[in-house]
Amino acid sequence: MILINDAATLDNDGATAVLTLHNPPVNALSRVLREGIAAGIEAAAADGAVEAIVMICEGRTFIAGADIKEFGKPIEGPSLRELEDIVESCPKPVIAALHGTALGGGLELALACHYRIAVPSARLGLPEIKLGLIPGAGGTQRLPRMIGLKRALDMIFTGAPVGAATAHTLGIIDELAAGDLRAEAVRFASDIVREGRPQRKISEEDGRLAGEDVEAAIEEARATHGRKMKGFDSFEKALEAIANAARLPFAEGMAREGEIFAELLAGAQSKAQRYVFGATRAAAKVPDMAADTPTRSVTTVGIIGAGTMGGGIAMNFLSAGIPVTIVEAKPEALERGTGIMRTNYEASAKRGRIRPEDVDRAMGLLSPSLDMADLADRDLIIEAAFEEMAVKKDIFARLDGIAKAGAILASNTSYLDIDDIAATTKRPEDVLGLHFFSPANVMKLLEVVRGEKTATDVVATAMKLGRDIGKTAVLVGVCHGFVGNRMLSARQREANKLILEGAMPWEVDRVLTDFGLPMGPFQMADLAGLDLGWNRETSKGETIREQLCEADRRGQKSGAGFYDYDDKRKASPSKLVEKMIRARSKADGIKRRQISDEEILERLIYPMINEGAKILDEGVALRASDIDVVWINGYGWPVYRGGPMFFADTIGPAVVLTTMRELEERMGADFKPAPLLVRIVEEGRNFTGAV
Ligand code: T1G
């Protein structure tokens, strides 16, 4: 065996050289690995005894891409493109042996090899779009030549990996390895040499694209991906780069791909998306908890409440193969709840998101019940009942006498005090919050709310369980609304004032949707239902929202709320609501005025940032980036803006502070700057340290 460098070794298996790569944790293409590959290929090519070369990785995966941590720094050692030229021009066949996830630059390097073999469990993809980039080492030019424009467009715009079997069908890989990958790759290399198979250079293949209708493929990509890609600089640029595979000779297409990649890499959006990549991983780490903190076994789950939240929460566990007992007080509520779950699964199967057989498999793990005593043996019990403290305290007091020792007792409350709830039990150390976001079977965010007495292993179990059911779990502390909803309340307070001062709900919403959020505060209110927490007996009709409920305009579900809705739930501004708002302004003695989009945006976003600063200062969030992860995964904050705290850093905390002070002067204490905001401006720091 020859040690090429710290990341590469070369040894011979008969007439086949095996270049083994080792750059944990994911064999990212950092400089040492690029240098190792270049030297290893050149050494094997120069060895007369070598007839073929296998490139294989140690560890859990083939190369998972360029080293994201090197972005923005000067390239040292051979670039990935130079490496690909060395590989593709090698006079001996180079076979990439794939396992784990061959992603981004890893797949691009494999496409520059002459052949590819993979284990059935391997996945291959070009996820650069998720980083605000495009494949920058030939992926936009080689992949279309291999699988056609349409499929390449889909792979690049979804950024989702395909499994080895699909890759084999598409022709991205030449063989599926039946047994040991290394042995199979060496055998495949020998077959190639013995059969005298040609050195396949995808860069020289134009045939596949000759007949493609480029315009049709582009239009189809716009129709399929355009909505999701709204606001992303990378969308149009990726379309151009990929279409060039059919429009330009390889070298010209590569040159243009490089220019576009460099532009995006230097841009604000990619910087934000790369920050989010790191922030999401950081959120999974709990500072005072070792990675090997013991966790409790959770193999069965109980849920109290089969409403929208309870049913959605249950689906997360059922889909992960974990049996769930779901308890309701009334048979008709139980039947309605379980019926909605089945309907949701059937809709997913119809859209091809799950296999038809998965519907019965998941529902077969569900045990509906009308008796809380049936939760006695559950490892984890989640309360998803009415959002009222008295109701929750009663349930937890009863659970304390039912649940087995060591069971984890969680509330899905979205605002209320977990410590108060825990105090109704004799086991506060087993109690925490698991705050799912609606629709709970869809939204990625899970706020894990750590109570004052919550045991460390319970927190560790919840964070791991969040990952196991496909959520992005963020650890938060106890306060009213935890992280996300506490900041949402600050925004809602301003939104409610703005429509009395002169803006209309649809103007406020538009400012936020133009900013990149999926919907504004009034669209959200109509979707959730205006009557959440409203009670006709106690309603005083003091707010627009109360007036709407009294007029039976309860939101989308009643066909009218802040907006009017047609039978397809298409929203339109309401003359009646406009009249109601103007009358309320007059009754409150407010002289309405024209309010600029800029003021609306500042009044909505800066108080959120200010609340985030308080949340950080109080230790309710561990990191500024955790706050950003909450808002991206729980409320659809545009990933290309990095999150509210990253956004504050891009505009400058001093700008936020100055504006807050002006607003405080003009509008009062709601805009009093948070002490942390003042401090970081005085100290010349920022929230995330990432800008
Ligand atoms: N570069 C640097 N570090 C990386 C990395 C990468 N590409 N991918 C992962 N890591 C780190 C990650 O930060 C974490 O570090 C550890 O590895 C485990 O990651 C030219 C320009 C591979 C599916 O976008 O999707 O190639 O926190 O917790 O859940 O066209 O990591 O332990 O210090 O996510 O098992 C394209 C990104 C790059 C793949 C593994 N590639 N990575 O998931 O582990 S751009 C990607 C992933 C590119 C070319 C372009 C996942 C994974 P730490 P993890 P995991």
Within the bounds of the range 181-198, is there any residue that is crowded, with 24+ Cβ neighbours inside 10 Å and not in a helix (DSSP H, G or I)?
no
Out of the residues in the range 511-550 meeting the condition of being touching a residue at least 60 places away in the same chain (Cβ under 8 Å) and not in a loop (DSSP other than H, G, I, E, B), tell me which one is farthest from Glu578 (Cα to Cα).
Phe515
Taking Arg145 as meeting all but one of (1) within 29 Å of Leu248 (Cβ to Cβ); (2) without any contact (Cβ under 8 Å) to a residue 60 or more places away in the chain; (3) more than 13 Å from the ligand (Cβ to nearest atom), write down the number of the exception.
(2)
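What are the residues in the range 555-581 that are outside any loop (DSSP other than H, G, I, E, B) and exposed (fewer than 14 other Cβ atoms within 10 Å of the Cβ), if any?
Ser572, Lys575, Leu576, Lys579
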Would you confirm, using the coordinates I've provided, whether Trp637 is crowded, with 23+ Cβ neighbours inside 10 Å, in a helix (DSSP H, G or I) and either hydrophobic (A, V, I, L, M, F, W, C) or free of Cβ contacts under 8 Å to residues at least 40 places away in the same chain (or both)?
no
When residues of the range 669-688 are limited to those that are of a type outside the set (D, E, K, R) and without any contact (Cβ under 8 Å) to a residue 12 or more places away in the chain, the one nearest to Gly642 (Cα to Cα):
Gly684
Positions within the range 640-691 being surrounded by 20 or more Cβ atoms within 10 Å (Cβ to Cβ) and among the basic types (Lys, Arg), in sequence order:
Arg641
Taking the range 129-142, which residues are within 6 Å of the ligand (Cβ to nearest atom), in a helix (DSSP H, G or I) and closer than 19 Å to Pro249 by Cα?
Gly139
Taking the stated definitions as given, is Gly529 within 24 Å of Phe437 (Cα to Cα), modelled with pLDDT under 95 and surrounded by fewer than 17 Cβ atoms within 10 Å (Cβ to Cβ)?
no
With Arg603, Arg592 as the choices, which residue is in contact with a helix residue (DSSP H, G or I) (Cβ under 9 Å, 6 or more places away or on another chain), among the charged types (D, E, K, R), buried (at least 21 other Cβ atoms within 10 Å of the Cβ) and under 20 Å from Leu500 (Cβ atoms)?
Arg603
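Okay, residues lined up against (1) outside any helix (DSSP H, G or I); (2) surrounded by 18 or more Cβ atoms within 10 Å (Cβ to Cβ):
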| position | (1), (2) |
| --- | --- |
| Ser414 | yes, yes |
| Ile421 | no, yes |
| Glu429 | no, no |
| Asn441 | yes, yes |
| Thr461 | no, yes |
Counting only residues that are in a helix (DSSP H, G or I) and surrounded by fewer than 14 Cβ atoms within 10 Å (Cβ to Cβ), the range 199-226 contains a total of 7
Restricting attention to the range 288-308, the residues that are in contact with a strand residue (DSSP E or B) (Cβ under 7 Å, 6 or more places away or on another chain) and either surrounded by fewer than 24 Cβ atoms within 10 Å (Cβ to Cβ) or closer than 30 Å to Gly132 by Cα (or both) number exactly 2
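Return yes or no: is Leu548 surrounded by 15 or more Cβ atoms within 10 Å (Cβ to Cβ) and within 30 Å of Gly689 (Cβ to Cβ)?
Considered against the rule, which asks whether it is surrounded by 15 or more Cβ atoms within 10 Å (Cβ to Cβ) and within 30 Å of Gly689 (Cβ to Cβ), Leu548 comes out as no.
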For a quick check of your reading: which helices (runs of 4 or more DSSP H) sit entirely within the range 279-376 and have at least 3 residues that are assigned by TED's automatic domain parsing to the domain that holds Lys392 and under 28 Å from Ala405 (Cα atoms)?
308-319
Cβ-Cβ under 7 Å, sequence separation 6+ or interchain: first residue in the range 47-74 and under 12 Å from Ala110 (Cα atoms), partner more than 15 Å from the ligand (Cβ to nearest atom) and in a loop (DSSP other than H, G, I, E, B). Which pairs?
Met55/Cys113
Could you grab me the full set of residues in the range 154-186 that are more than 16 Å from the ligand (Cβ to nearest atom) and over 16 Å from Ile117 (Cα atoms)?
Asp154
Sort out which residues of the range 243-287 are among the acidic types (Asp, Glu) and either surrounded by fewer than 16 Cβ atoms within 10 Å (Cβ to Cβ) or away from the ligand (no atom under 11 Å from the Cβ) (or both), and write them in order of number.
Glu252, Glu259, Glu263
Quick one: is Ala238 assigned to a helix (DSSP H, G or I), over 30 Å from Asp400 (Cα atoms), outside the structural domain of Ser411 (by TED's automatic domain parsing) and modelled with pLDDT of 95 or more?
yes
Do we have Ala560 as in contact (Cβ under 8 Å) with a residue 40 or more places away in the chain, among the aliphatic types (A, V, I, L, M) and under 30 Å from Gly231 (Cα atoms) here?
no
Kindly list, by first and then second residue, each pair from a residue in the range 95-122 that is charged (D, E, K, R) to a residue that is assigned to a loop (DSSP other than H, G, I, E, B) and away from the ligand (no atom under 12 Å from the Cβ), limited to pairs with Cβ atoms under 7 Å and residues at least 6 apart or on different chains.
Arg116/Ile172; Arg116/Ile173; Arg116/Asp174
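The values are calculated or read from the model by the stated rules, or taken from the named source; none is laboratory data. Everything quoted here is computed from the prediction, not taken from an experiment. Counting neighbours? That spans all protein chains shown, and the Cβs are built from the backbone with ideal geometry, glycine included.
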